[in-house]
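One structure is given below, encoded as structure tokens.
Just so it is clear, none of the values below were taken in a lab; they were calculated from the coordinates. Because the structure is a prediction, the values reported are computed rather than measured. Glycine also receives a Cβ, built like all others from the backbone with ideal geometry; neighbour counts cover every protein chain displayed.
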Amino acid sequence: MPRVSREQAALNRKHIVETAARLYKEHGVGGIGVADLMAEAGVTHGGFYGHFESKDALAAEACSLSFERSVANWEEIGRRHANSKNAALHEIVGKYLHKSEHSTLSDICPMPTLAADAMRQEDSSPLRQAFTAGMRRLGDALIAVMHDGFSKKKRRERGLASLALMTGAMMLARSSSDAEFAEELLTAADAALAQLGSAP
């Protein structure tokens, strides 16, 4: 069998990580095995350990990729509304809380979809480390769009409170079997977030 070129191997690895990022958000890290994940990626199961040391290593990379995409999106919104932080926060919150009800778990932020996996890991685990780094970066993106009239400490407090409220609201809404109650939760969170970001 011919050897795979270095370029093709790199492409295969990237595709596996992208597939894992999607599937882990949909099923949880423990909800899909390596064989099924590799089959979904269209790569042979036997090649897994040629790319990754372990499933934990892949989970950490997939988590990091999911966070990178969310961070890039929030930072881009912040740049677009550099002269109106209120508008930046409003857009971030609106897109986060009110994505189409038909969107899948793979379409939303990794915080509500991977938190349960991360919290069950040891502090030193690659997944928990990647999740923590991702949360910090998203927190920084929200702190950056808090009103300049707040002190540095207050901007940090309000930015992190916003992060926690957004994540919690999304987790609860997505866990509810009652669509009307889920929308109530999201609307209430939206109103509270507007207060957190408003001028002092």
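Details
- When C63, C109 are arranged by Cβ crowding within 10 Å, least crowded first, meaning fewest neighbours, the order is C109, C63.
- Sum of side-chain charges, D190 neighbourhood, beta-carbon under 13 Å (Lys, Arg +1; Asp, Glu -1): -1
- Within the straight-line cut-off of under 20 Å between alpha carbons, the lysines reachable from K152 are K85, sequence neighbours fewer than 8 places apart in one chain being disregarded.
- Other residues whose C-beta falls under 13 angstrom from the C-beta of P126 contribute a net charge of -4, scoring Lys and Arg +1 and Asp and Glu -1.
- Between segment 126-148 and segment 48-65, the alpha-carbon center distance in angstrom: 22 Å
- Summed side-chain charge close to A20 - residues other than A20 whose Cβ falls under 13 Å, Lys, Arg +1, Asp, Glu -1: -2
- Rg ratio for the chain: its Cα radius of gyration over 2.2 N^0.38 Å, N being its residue count, equals 1.14.
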